[in-house]
Amino acid sequence: PLLAETLGRAVVRLEDLIEGLRTTGAASDEQLEAAITRIEQMILDGLQASLPVEETRRARREAEKQLKNYRDGMGPEIYEQTLQNYLAKRWRDQFEIPRLSLFYM
């Protein structure tokens, strides 16, 4: 139910974005990409929140294992962002969720 609600909100936001583009006829690439990125993150957050806690922990441990050799060369913020990117890619691949981006079409 949580994921269905999240996907419903994503659809509404995408429809609003499309309607706004139709109405104004223009938007900067940066603004459009930022809006799409927020929608994509909302979907990924909803997906992760709907997964069993143990599955999320297992995926994080796997990601940490994959990134172990690179951790010392990264600052904590970069490492955490890389870890989150790894998990996002995993969820997109596992659940066949496409990237929402002007640059991944």
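The values are calculated or read from the model by the stated rules, or taken from the named source; none is laboratory data. Keep in mind it's a predicted model, so treat the numbers as computed, not measured. FYI the Cβ positions are ideal-geometry reconstructions off the backbone, even for glycines, and counts take in every protein chain you see. Each accessible area value is taken on the protein alone, full model and side chains, heavy atoms only, with ligands, DNA and RNA left out. Shrake-Rupley method; radii C 1.70, N 1.55, O 1.52, S 1.80 Å.
Are any residues in region 64-105 of a type in the set (Ser, Thr, Tyr) and either farther than 21 Å from residue 14 by Cα or open to solvent by less than 100 Å² (accessible area, probe 1.4 Å) (or both), and if so, which ones? Spell out the reasoning first.
If we filter region 64-105 for residues that are of a type in the set (Ser, Thr, Tyr), which is where we start, we get 70, 79, 82, 86, 101, 104.
70, 79, 82, 86, 101, listed by residue number.
Please specify each residue of region 1-54 satisfying the condition of being under 22 Å from residue 104 (Cβ atoms), touching a residue at least 40 places away in the same chain (Cβ under 8 Å) and of a type in the set (Gly, Ala, Ser). The answer is 46, and nothing else. Only one entry in 61, 57 is in a helix (DSSP H, G or I), farther than 22 Å from residue 3 by Cα, open to solvent by 100 Å² or more (accessible area, probe 1.4 Å) and at pLDDT 95 or above, namely 61.
Take region 25-51 and flag every residue that is more than 17 Å from residue 102 (Cβ to Cβ) and either touching an Asp or Glu at 6+ places or on another chain (Cβ under 9 Å) or in a helix (DSSP H, G or I) (or both). 42, 44, 45, 46, 47, 48, 49, 50, listed by residue number. All told, residue 8 falls short of being part of a loop (DSSP other than H, G, I, E, B), exposed (fewer than 13 other Cβ atoms within 10 Å of the Cβ) and over 12 Å from the mean Cα position of the chain (by Cα).
Kindly evaluate residue 97 against the criterion of being hydrophobic (A, V, I, L, M, F, W, C), at pLDDT 90 or above and in a helix (DSSP H, G or I).
Details: hydrophobic (A, V, I, L, M, F, W, C): yes; at pLDDT 90 or above: yes; in a helix (DSSP H, G or I): no.
For residue 97, the condition - hydrophobic (A, V, I, L, M, F, W, C), at pLDDT 90 or above and in a helix (DSSP H, G or I) - is not met.
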